[in-house]
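Okay, so here's the structure we're looking at.
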């Protein structure tokens, strides 16, 4: 893999606006990834009426050149070690002073409303899935976001009927753009200097998760931390490869393929979803494109059916831009 091929891939992603692979097959064909994710937590500060407009164009010459470049195919990625070697050739995305790292993220996640808010009988909450599209400009000291609110998907037909046309739906009108700015807060990549040697990095990651509440098994905490590190576009190429190698050593991890990329899945048991499958999906160059968490057993109390993906985040390829918007 050459630097030229990585640059062409990035350019194609920018021109087509479609860097995300199709649905992945998980757990020996039992589970296809469904739309879902955790809701973005940033507090909105102002509203805009004009959604972000994507500029999409296709250059025939660039496409022809890309087709002539040799790339790593799924058949060639027979182990995570192969993927790690390729990942080490992909440079981090870092903005210079006065520039921004821009990325589009599609998200869906589990939310709830009180039954009283919907005007239906009974006590407690109604659970549903909510989608958003997030445009992020990350500078040296601050992060700006434009969140395009998406639709709500209910599991309970009665609750959905009560929601349509209600004040709750008015507050979550699809297409509304919520803009916010916040200071950059430390991420795991900022918190410490991570070692590059696989065993040393595994030890450092284990030490990091040992300070977290023991709500899930250590293996689940490690793969979650790996996702946090890999989703950061500033991650150094050698550290990206090292994290992928650590994934290869986590007990219970299953490696699969999707389109021209690789999936890494872990099935574990933890409340409130019982058996859970957490999956990271990579493109053929080792860049993280998707994270999902699926409750295989569902949750009767929340009305969540078995096999529901309650977290789904799909990342566009990041790029450096000179201005906001």
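Observations on the model:
- Prolate/oblate/rounded label for region 198-266 (Cα gyration tensor, a/c 1.5): oblate
- Rg to Rh, two decimals, where region 248-325 supplies the alpha carbon set and Rh follows Kirkwood: 1.10
- Overall form of region 81-188 per C-alpha gyration tensor (a/c, 1.5; a/b vs b/c): prolate
- Based on alpha carbons, the Rg and Dmax found for region 187-325 are 15.8, 49 Å.
Here, each number is a calculation from the coordinates, and none is a lab measurement. All of these numbers come straight from a predicted model, not from anything done at the bench.
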